[in-house]
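Data first, discussion second: the structure below is written as structure tokens.
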Amino acid sequence: MPAINEARILIMATHGFEQSELEAPRDKLKSTGATVHLATPGGEDIRGWNKGDWGAQAPHDRALGEIDAADYDALVLPGGQINPDILRTDETAVQLVRDFVDAGKIVAAICHAPWMLVEADAARGRRLTSYPSIRTDVVNAGAEWVDEAVVVDNGIITSRNPGDLDAFVTKIIEEVQEGPHPRAA
């Protein structure tokens with residue numbers, strides 16, 4: 001179980017991420033001393049979505065194709081409607097989620113990002129939350145959906161929206177420090 005200041009955390013996103021849902025975890029985790037990398041499908045900087053319009057750019061560190069889950073302790077998936085909807089059609093991104101889940105690593109998804117858990121077939125049998133508009137998708141994928149600020153199911157962390165960011169990031173830190181979570185296949 002790594003101390004948070006020794007942890008390596010990957011954020012995976014593309015254009016249209018919810019600005020606060022990428023920036024708050026990235027900045028707070030970096031402030032603890034964790035190494036945080038942003039991986040994007042094209043290995044390029046990406047633009048967020050902020051309060052109904054395009055937001056700021058986020059500088060990338062790696063391309064998704066360069067990532068090996070073994071090099072990281074946790075995966076953070078920001079939401080927004082656009083970002084996870086694009087990522088769930090990218091087989092490299094979906095496989096990366098599967099790799100983190102299969103390795104028992106922490107996976108944290110907020111807002112619409114649980115779509116990535118659905119696409120990776122990692123929702124089945126789990127207790128999750130999400131933005132309310134994708135509740136049916138989460139339930140149809142076999143999860144028990146609950147309306148709570150943060151839900152943890154064996155190292156899989158989910159939250160509903162930007163209003164839950166403090167609880168979401170606090171739980172990421174706690175779970176990373178607990179270490180890997182062995183999971184049934």
Of the options PRO132, ALA3, HIS15, report the single residue whose Cα projects farthest towards the positive end of the charge dipole of the chain (beta-carbon charges: Lys, Arg +1; Asp, Glu -1).
PRO132
When the distances between all Cα atoms of the chain are binned every 5 Å from zero, what whole-number percent does each bin get?
1, 9, 20, 24, 23, 16, 6, 1, 0
Can you give the local net charge around GLY79? Use residues other than it whose beta-carbon is closer than 11 angstrom to its beta-carbon, Lys and Arg +1, Asp and Glu -1.
-3
Not counting the cut sites, what is the longest span of the chain without GluC sites (Glu not before Pro) that DSSP labels loop and that have at most 16 other Cβ atoms within 10 Å?
45-147
If we count every other residue with Cβ under 9 angstrom of ASP147's Cβ, Lys/Arg +1 and Asp/Glu -1, where does the sum land?
+1
Taking +1 at the Cβ of each Lys and Arg and -1 at the Cβ of each Asp and Glu, which of ILE172, GLY55, VAL97 sits farthest along the dipole of segment 4-178 towards its positive end, judged by Cα position relative to the Cα centre?
GLY55
How much of the DSSP beta bridge set in the chain is antiparallel, as a percent to the nearest 5?
25
Inter-label distance for ALA3 and ASP147, nm, one decimal - labels placed 7 Å from Cα along Cα-to-Cβ:
4.2
Between ALA56 and GLN177, what FRET efficiency comes out of the Förster formula 1/(1 + (r/R0)^6) with R0 = 30 Å and r the beta carbon distance, rounded to 0.05?
0.50
By a straight-distance test (C-alpha under 19 Å), which aspartates and glutamates pair with LYS28 as possible cross-link partners, with residues fewer than eight away in the same chain excluded?
GLU6, GLU18, ASP61, ASP73, ASP164, ASP166, GLU174, GLU175, GLU178
If you project the alpha carbons of segment 82-185 onto the principal axes, what extent comes out on each, in Å, largest first?
31, 29, 23
Give the long-range amide H neighbours of ALA108: residues separated by 5 or more places, or on another chain, with amide H under 5 Å away, using H modelled in the peptide plane at 1.01 Å from N.
LEU75, VAL76, LEU77, ILE157
Calculate the FRET efficiency for GLN81 and ASN154 from the Cβ-Cβ distance with a Förster distance of 25 Å, rounded to the nearest 0.05.
0.35
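Values quoted throughout were computed directly from the atomic coordinates according to the rules given, and no laboratory measurement underlies them. Note that the structure is a prediction, hence the values are computed from the model and not measured. Note that each Cβ is placed from the backbone with ideal geometry, even for glycine, and that neighbours are counted across all protein chains shown.
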